[in-house]
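Heads up, the thing below is written out as structure tokens.
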Amino acid sequence: MFLLALVVGAGAGLGAVAFRYLIYFFTWLATGHDQFGQAGRVGSSHLPWLGVGFFVVIPVLGGLIYGPLIYRFAREARGHGVPEVMIAVAENGGRIRPQVSVVKALASAICIGVGGSVGREGPIVQIGSSLASSIGQWVKMPESRLRILVACGAGGAIAATFNAPITGVFFGVEIILREFSVDALFTVMLSAMLADLVAIPFLGDHVFLNGFPRGIALIHPRNYLLIAALAVAAALIGLLFAKVVYKMEDLWDLIWKNRPEWARPGIG
């Protein structure tokens, strides 16, 4: 487990780097810019004659590319990423097909590059977990150990893509594995630290969220009451958002039944 955790950590770190550069590539291919979402309403430098129509045409074309890609090669790569890995660990012994990592990386990079409203967290978790699962299945690891290795892949991927090794450890153990044990905590820790070390030379050692003002202090005791109220509101909003997301998915399934699955992203 010690050696495999190191191998998975290095692989997750390199996977995070490759995925980031894939996103840059497809963003440039679609827009002519390495990063596009932060630029406001700037048209494509490749297709300036489209004007604001670019914001409609390009996402549809992207959907018509990554929809068939997922439908043809790895249908389990469809979805948010994190819940699929949680289900694989809880119900399938941590077994994930090897092609999921490649298909998820390509499809998600295209989706993000053309302006899809998704982020890096879900895809990179599924990419790292699929890589770890493939290695574990290759060496014929028992299910109890394979689950831990999948958590190593998920934790390492989060650590590398966000330069947050401690977050990666707790994500892998608490969210993916859903159990605390010394061997699990130690192996996920190894994987997350190595993944972050591997990614830093390529992605830099920058704090992921660096826009917070410095010197914040809670001076008056009533501020803690406001924070408690905010926590309750955030919890309720989180529950509401999750329910709305899944209700929307159910609605789309109802509307779209008996129609070609590969066309759903483009139509959406």
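Counting just the residues of region 151-175 that are among the small types (Gly, Ala, Ser) and under 15 Å from His80 (Cβ atoms), which one comes out surrounded by the most Cβ atoms within 10 Å (Cβ to Cβ)?
First, pick out the residues of region 151-175 that are among the small types (Gly, Ala, Ser): 151, 153-157, 159-160, 164, 168, 172.
Still in the list and also under 15 Å from His80 (Cβ atoms): 154, 157.
Working: Ala154: 35, Ala157: 38.
Here the residue is Ala157.
Exactly one condition in (1) closer than 30 Å to Asp253 by Cβ; (2) in contact (Cβ under 8 Å) with a residue 24 or more places away in the chain is not met by Leu6; state its number.
For Leu6, the exception is condition (1).
Within region 108-129, track down each residue that is of a type in the set (Gly, Ala, Ser) and over 12 Å from the mean Cα position of the chain (by Cα). Even if it seems obvious, please write down each step before you answer.
Step one: filter region 108-129 for residues of a type in the set (Gly, Ala, Ser), giving 108-109, 113, 115-117, 119, 122, 128-129.
Those that are of a type in the set (Gly, Ala, Ser) and over 12 Å from the mean Cα position of the chain (by Cα): Gly113, Gly115, Gly116, Ser117.
Can you find a residue in region 89-105 that is free of Cβ contacts under 8 Å to residues at least 12 places away in the same chain, surrounded by fewer than 22 Cβ atoms within 10 Å (Cβ to Cβ) and under 26 Å from Asp250 (Cβ atoms)?
Among the residues of region 89-105, at least one is free of Cβ contacts under 8 Å to residues at least 12 places away in the same chain, surrounded by fewer than 22 Cβ atoms within 10 Å (Cβ to Cβ) and under 26 Å from Asp250 (Cβ atoms), which makes the answer yes.
Going by the structure shown, is Ile58 part of a helix (DSSP H, G or I) and under 14 Å from Val103 (Cα atoms)?
Judged against the criteria, Ile58 is not a match.
What number of residues within region 114-140 are among the aliphatic types (A, V, I, L, M) and closer than 15 Å to Arg97 by Cα?
First pass over region 114-140, keeping only residues among the aliphatic types (A, V, I, L, M): 114, 118, 124-125, 127, 131-132, 135, 139.
Filter once more, so that each one left must be closer than 15 Å to Arg97 by Cα: 125, 127, 131-132, 135, 139.
The number of residues fulfilling the criteria is 6.
Which numbered condition in (1) β-branched (Val, Ile, Thr); (2) under 25 Å from Phe208 (Cα atoms); (3) surrounded by 24 or more Cβ atoms within 10 Å (Cβ to Cβ) is the only one that Ile148 fails?
(2)
Of all the residues that make up region 151-175, how many are of a type in the set (Val, Ile, Thr), under 13 Å from Ile124 (Cβ atoms) and without any contact (Cβ under 8 Å) to a residue 40 or more places away in the chain? I'd like the intermediate steps shown before the answer.
At the first step, the residues of region 151-175 found to be of a type in the set (Val, Ile, Thr) are 158, 161, 166-167, 169, 173, 175.
Checking which are under 13 Å from Ile124 (Cβ atoms) leaves us with 158, 161, 167.
Still in the running and without any contact (Cβ under 8 Å) to a residue 40 or more places away in the chain: 158, 167.
Of the residues in that region, 2 qualify.
So how many residues does region 122-145 have that are part of a helix (DSSP H, G or I) and surrounded by fewer than 16 Cβ atoms within 10 Å (Cβ to Cβ)? Show your work before the answer.
Start the filter on region 122-145 by keeping residues that are part of a helix (DSSP H, G or I), which leaves 122-138, 143-145.
Then keep just the ones that are surrounded by fewer than 16 Cβ atoms within 10 Å (Cβ to Cβ); that gives 138, 143-144.
Of the residues in that region, 3 qualify.
Filter region 1-57 for residues that are open to solvent by 40 Å² or more (accessible area, probe 1.4 Å) and of a type in the set (Gly, Ala, Ser) and give the result.
Ala18, Gly37, Ala39, Gly40, Ser45
Would you mention how many residues in region 1-40 are part of a helix (DSSP H, G or I) and under 18 Å from the mean Cα position of the chain (by Cα)? Steps first, answer last, please.
Filtering region 1-40 for residues part of a helix (DSSP H, G or I) gives 2-31, 37-39.
Right, trim to under 18 Å from the mean Cα position of the chain (by Cα) and you get 8-27, 37.
Result for region 1-40: 21.
Quick check, is Val244 under 21 Å from the mean Cα position of the chain (by Cα) and touching a residue at least 12 places away in the same chain (Cβ under 8 Å)? Reasoning before the result, please.
Numbers: under 21 Å from the mean Cα position of the chain (by Cα): yes; touching a residue at least 12 places away in the same chain (Cβ under 8 Å): no.
Criteria not met by Val244.
Can you tell which of Phe54, Phe36 is modelled with pLDDT under 80, in contact with a Ser or Thr (Cβ under 7 Å, 6 or more places away or on another chain) and more than 28 Å from Gly153 (Cα to Cα)? Full working, then the answer.
Values: Phe54 fails: modelled with pLDDT under 80.
So the residue among Phe54, Phe36 that is modelled with pLDDT under 80, in contact with a Ser or Thr (Cβ under 7 Å, 6 or more places away or on another chain) and more than 28 Å from Gly153 (Cα to Cα) is Phe36.
Of Ser101, Ser117, Ser44, which residue is assigned to a helix (DSSP H, G or I) and either modelled with pLDDT under 85 or not charged (D, E, K, R) (or both)? Give the derivation first.
Working: Ser117 fails: assigned to a helix (DSSP H, G or I); Ser44 fails: assigned to a helix (DSSP H, G or I).
Answer to the selection: Ser101.
The values are calculated or read from the model by the stated rules, or taken from the named source; none is laboratory data. Everything quoted here is computed from the prediction, not taken from an experiment. Here the Cβ is made from the backbone with ideal geometry for all residues, glycine too, and neighbour counts use every protein chain on show. Ligands, DNA and RNA are stripped out before the accessible areas are found, and what is left, the full protein with its side chains, is counted by its heavy atoms. Shrake-Rupley method; radii C 1.70, N 1.55, O 1.52, S 1.80 Å.
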